[in-house]
Amino acid sequence: MKIPEDIRETVRERYAAAATRLAVLDLRQERASDTSCCGGGSTATTDEQDARSQASCCGSAPVGTTDEKGQVVFGPELYGLEAAEGAPVAALDASLGCGVPTAVADLHPGEVVLDLGSGAGADVLISARRVAPGGRAIGIDMTQEMLELARRNAATAGVDNVEFLQGYLEEIPLPDNSVDVVISNCVINLAADKTLVLTEAARVLRPGGRLAFSDVIADEDMDEATKADMAQWTGCIAGALTQTDFGGALTAAGFTDVEIRTTHRVHDHAQAAIIRATH
């Protein structure tokens, strides 16, 4: 299936703009004494925090970081102290995922981890700490600006068992049977061909390998207007699969032991979920 270029390019442009805004903010802020995540330790001004929210894929209107009750549904606040260990503040601030895949991936020293849609690199850097010694973490992103941001964050963290590659999730630039774990944080819903993404994830996983995603699951009754809205698509809602469809796509790609557990509502028509499976 040919990937619709309008969807791919719209998502790429939004990520590129996000990375550019974040890079400008990072140049303004001196954080030499606060290079690792300490949970709520950001020294950013209110204007800078607002700019970071606007810079991320799920942060701009019509999808916000909090719900109508003020509860956090996207963003770095979902990470606790232990979950965020290893990620510099700049990398974590740039994260606007809907969960913490590294918290459920059960990572072990010596493993190779691949993060699909790695953005500014927070989950890659967290993973790198957990698979050391002997393991490594790889991030893949289609946006050059995000890759540059991620590499800078890795240098700040002093982590050397990481690698960031440019590529599409539908064409992962890695050989067959080369990784132990595939993770992703609120990115699969942005892909135009999710079946192909999951097939690629299965291809690069070794036999017995694991998949651990945080992602958005659409309600069965999501209306057609939301599904057709490109702003909602790039905001992590319109492109989401239903739980039934996601489970079916994983099975079709060769995964077993599929578990999809919803965690919190992120939209009138969608919920965040932890998605795990074995290859």
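The values are calculated or read from the model by the stated rules, or taken from the named source; none is laboratory data. Note that the structure is predicted; figures quoted are calculated from it, not measured. In this analysis, Cβ positions are derived from the backbone assuming ideal geometry, glycine residues included, and neighbour counts consider all displayed protein chains. Heads up: the accessible areas ignore ligands, DNA and RNA and are worked out on the full protein's heavy atoms, side chains in. Shrake-Rupley method; radii C 1.70, N 1.55, O 1.52, S 1.80 Å.
Net charge around S178, counting only other residues with Cβ within less than 15 Å of its Cβ (Lys, Arg = +1; Asp, Glu = -1)? Could you put the intermediate results ahead of the total?
On the way: positive: R136, R203, R206, R210; negative: E111, D115, E163, E171, D176, D180, E200.
Every neighbour counted, the sum reads -3.
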### Message
Counting heavy atoms of the protein chains only and a 1.4 Å probe, report the per residue accessible area for the range 183-222 as a whole number of Å².
### Response
26 Å²
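If I stretch the segment between T242 and T199 completely, what's the gain in nm (0.36 nm per residue apart, minus their alpha carbon distance), one decimal?
That pair, T242 and T199, stretches by 13.7 nm at full extension.
How large a share of the accessible area of the range 110-191, in percent, is made up of carbon and sulfur atoms when the probe is 1.4 Å and the other protein chains stay in place?
Numbers: 1220 of 2610 Å².
About 47 percent, which is the carbon plus sulfur part of the accessible surface.
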### Query
Using 7 Å Cα-to-Cβ label points, what is the L174/D221 separation (nm, one decimal)?
4.0 nm
### Task
Report the full-extension gain for the segment R151 to H108: residue separation times 0.36 nm, less the Cα-Cα distance, to one decimal in nm.
13.2 nm
